[in-house]
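Undergrad: Please see the structure below; I have some questions.
Here, each number is a calculation from the coordinates, and none is a lab measurement. Just so you know, these numbers come straight off a predicted model, no measurement behind them. A quick note on method: Cβ atoms are made from the backbone with ideal geometry, for glycine too, and the neighbour counts reach across all protein chains shown.
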Amino acid sequence: MLVGSHLSIAGGMHLAIQDAVRLGLDCVQVFTKNQRQWKWKPLTDEETTNFRAAVTDAGWHVHPERHLVSHNSYLVNLASPDADMRAKSRALQLQETERCEQLGIPSCVMHPGAHLGKAGIAADEEAGIRRLVAELDAIHQSTKGYRTVTCIENTVGSGTNLGGPLEHLARIRGAVKNPERVAFCFDTCHATAYGHDTSTPAKAKSFWQSFESVVGRAHVRVIHVNDSKGAIGSHLDRHEYLGGGTCGKPCFAAIAHMSAFRHVPMIMETPKEGKLRGRDPDRANAAWLRALSLVMLASVALTLMSGCRPWAKSDTELTAARVGAVAPTAEESDRLRRAQGVADRGDYQEALVEFRSLLAENPRLVDVQVAVGSLTLEQGDIRAAQRSYEAAIQADPRNVDAHIGLARTHLAAQRNDDAVRCFRQALVLAPNDMRAIAGIADALERSGNAS
């Protein structure tokens, strides 16, 4: 899969390419000008040369359609009923297309616009689509021979905006005179906010079957991988970190392992402020998506192997081994809660004294072993943490917290391969555990194997 991000062109568009490479990304989306102004300044020869040189240096010149995407100005509304607005929008979109061609960017994403009639009225929607199609035809007529493809993006369908229903996309491409010049950009946040539910595997499968029937996956040239702050059907266009919104993991899992999208640039337009899981948000989101893809591949492999789990013990072995674990008594549970409260206040040493006292009396208390592992790892005592987590796993091989804790000790010791193995074991036991998925992402990124 090809994972990228929309990056700033401040200081020069070529710097966006260099930033993408620095972040370990496979592709990039840019604005070729200020997206909120009608006026534009022509590209200089130096700007064009620098951009194309950066593309070549990145090795992206061979298949630019897999790596380079532009997003047009938000001002463009080719579906407007106002002739003056359409003329201004046509001129601006024509300029966007010409700039993309000059820079060698093969895909230009644009929103279909708003018909500005009455919301939900089919006749007004059709009139807006006709106006949009006529303007696209005029632009394509003016740019015969250009390689740049206009990628119509699905929308949240708020107000009179076109592009929420899949049928809108299909009718646009079906009506233009040069359909080879029109493709689509699929946005996961927009789809969810419109009401396309892909939050479970079954719903994701059903949606993509409908998409294939109405639009066709072969016509998707760009994917915007964004989670949604708004609920399904909220029509709220607010992006969230991957895995932190309402789209659902199956939404991204379906896209990540779909063979039709193997060479389609997947562009993140997620928040960039601050840190996410202790690192640059683009790095963290990209690692999460790549890890999800690898987890999906592993799941498929497990199915093909009829349940064989090469990194796991058999169910019989696990059941037999679990006899070492015991449930705490009422008194032990009370002491455990008090010790945990002490730890929550930050008094780690006092808490450890109580936890170890419990273990001295009953070493088979798995939750206490896990608690000791967590506190000692927090204090930087990796060996002590590892011993505690291994003791917990020996007593209860099905304890997910113990496997995740052991994986984190391996991460802390820079044993990334061992960390991946332990996180995978956790996923065998709890396939939806986001700590394990994020952990695999961390380990793969640190080892340089996240692509």
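Undergrad: Please report Rg over Rh for the stretch 2-271, where both radii come from the alpha carbon positions and Rh follows the Kirkwood definition.
TA: On the way: Rg = 17.7 Å, Rh = 18.7 Å.
Ratio of gyration radius to Kirkwood radius: 0.95.
Undergrad: Convex hull over the Cα atoms of the stretch 139-236, averaged projected area in nm²?
TA: On the way: hull surface 26.4 nm².
That works out to 6.6 nm².
Undergrad: Which ³J(HN,Hα) values, rounded to whole Hz and listed in residue order, are derived for the stretch 345-362 from phi using the Karplus coefficients 6.51, -1.76 and 1.60 in 6.51 cos²θ - 1.76 cosθ + 1.60 with θ = phi - 60°, glycine and proline given as x?
TA: So the Karplus estimates, Gly and Pro as x, are 7, x, 8, 5, 4, 4, 5, 5, 4, 6, 4, 6, 5, 4, 5, 4, 7, 8 Hz.
Undergrad: Here's another thing I want to ask about it. With +1 assigned to the C-beta of every Lys and Arg and -1 to the C-beta of every Asp and Glu, and no other charges, what is the dipole magnitude of the chain about the Cα centre in debye, to the nearest 20?
TA: On the way: 52 positive and 51 negative charges, 155 e Å.
Roughly 740 debye for the chain.
Undergrad: Along the charge dipole of the chain, pointing to its positive end and built from +1/-1 on Cβ of Lys, Arg, Asp and Glu, which listed residue (Gly24, Trp60, Gly278) has its Cα farthest out?
TA: Highest projection toward the positive end goes to Trp60.
Undergrad: Taking the Cα centre of the stretch 121-176 as the origin, how large is its charge dipole in debye, to the nearest 20, when only Lys and Arg (+1) and Asp and Glu (-1) carry charge on their Cβ atoms? Walk me through the numbers on the way to the answer.
TA: On the way: 6 positive and 7 negative charges, 61 e Å.
Computed charge dipole of the stretch 121-176: roughly 300 debye.
Undergrad: Here is a follow-up. With semi-axes √(5λ) of the Cα gyration tensor in Å defined as stated, name the option among (1) 49, 39, 16; (2) 39, 31, 23; (3) 50, 23, 19 computed from the structure displayed.
TA: Computed from these coordinates, semi-axes √(5λ) of the Cα gyration tensor in Å corresponds to label (3).
Undergrad: Could you list the square roots of 5 times each eigenvalue of the Cα gyration tensor of the stretch 315-447, that is, the equivalent ellipsoid semi-axes, sorted largest first and rounded to whole Å?
TA: Values: eigenvalues 121, 70, 27 Å².
They are 25, 19, 12 Å, listed from largest to smallest.
Undergrad: Kindly put Val3, Val220 in sequence by how many other C-beta atoms sit within 10 Å of each C-beta, fewest to most.
TA: Values: Val3 26, Val220 21.
Arranged by neighbour count, lowest to highest, Val3, Val220 become Val220, Val3.
Undergrad: Now for a separate question. Mind listing the phi-derived Karplus ³J(HN,Hα) values for the stretch 265-274, rounded to whole Hz, using 6.51, -1.76 and 1.60 with θ = phi - 60°, and x for any glycine or proline?
TA: Result, ordered by residue: x, 9, 9, 8, 10, 8, x, 10, 6, x Hz.
Undergrad: Exposure proxy check: Tyr389, Tyr241, Tyr74 ranked by fewest other beta carbons within 10 Å? Each step should come with its number before you reach the end.
TA: Numbers: Tyr389 29, Tyr241 18, Tyr74 11.
So the ranking, lowest neighbour count to highest, is Tyr74, Tyr241, Tyr389.
Undergrad: Counting Lys and Arg as +1 and Asp and Glu as -1, each charge on the Cβ, what is the dipole of the stretch 90-211 about the Cα centre in debye, to the nearest 20? Walk me through the numbers before you get to the answer.
TA: Numbers: 13 positive and 13 negative charges, 40 e Å.
For this selection, approximately 200 debye.
Undergrad: Ok, one more. Where does the charge balance sit around Ala193 when Lys and Arg score +1, Asp and Glu -1, over other residues with C-beta under 12 Å from its C-beta? Mind dumping the intermediate values first?
TA: Values: positive: Lys229, Arg238; negative: Asp187, Asp197, Asp227, Asp237, Glu240.
Here the count lands on -3.
Undergrad: Using modelled backbone amide H atoms (1.01 Å from N, in-plane), which distant-in-sequence or interchain residues come within less than 5 Å of His235's amide H?
TA: Placed amide hydrogens put Tyr194 under 5 Å from His235.
Undergrad: Further question: Which ³J(HN,Hα) values in Hz, rounded to whole numbers, follow from the phi angles of the stretch 178-191 under the Karplus curve 6.51 cos²θ - 1.76 cosθ + 1.60, where θ = phi - 60° and Gly and Pro get x?
TA: Computed from phi, the couplings for the stretch 178-191 are 10, x, 5, 8, 10, 9, 10, 10, 9, 10, 5, 5, 4, 4 Hz.
Undergrad: Using modelled amide H (1.01 Å from N, peptide plane; none on Pro or chain starts), what sits under 5 Å from the amide H of Asn154, excluding residues fewer than 5 places away?
TA: Here Cys185, Asp187 satisfy the definition.
Undergrad: Taking amide H atoms as placed 1.01 Å from N in the peptide plane, list the residues 5 or more away in sequence, or in a different chain, whose amide H sits under 5 Å from that of Ile267.
TA: The answer is Gly4, Ile223, His224, Val225.
Undergrad: Neighbouring Cβ atoms within 10 Å as the yardstick, rank Met268, Met258, Met1 fewest first. Could you put the intermediate results ahead of the total?
TA: On the way: Met268 27, Met258 17, Met1 22.
Lowest to highest Cβ neighbour count: Met258, Met1, Met268.
Undergrad: Here's something else I'd like to know. Restricting to DSSP H runs of at least four residues, report the calculated mean residue ellipticity at 222 nm for the chain, -39500 (n - 2.57) per run over all residues, nearest 500 deg cm²/dmol. The partial results should precede the final answer.
TA: Working: 17 runs with 233 residues, N = 451.
Taking each H run of at least 4 residues, the total per residue is -16500 deg cm²/dmol.
Undergrad: Along the charge dipole of the stretch 315-447, pointing to its positive end and built from +1/-1 on Cβ of Lys, Arg, Asp and Glu, which listed residue (Gly341, Gly439, Tyr389) has its Cα farthest out?
TA: After comparing all options, I get Gly439.
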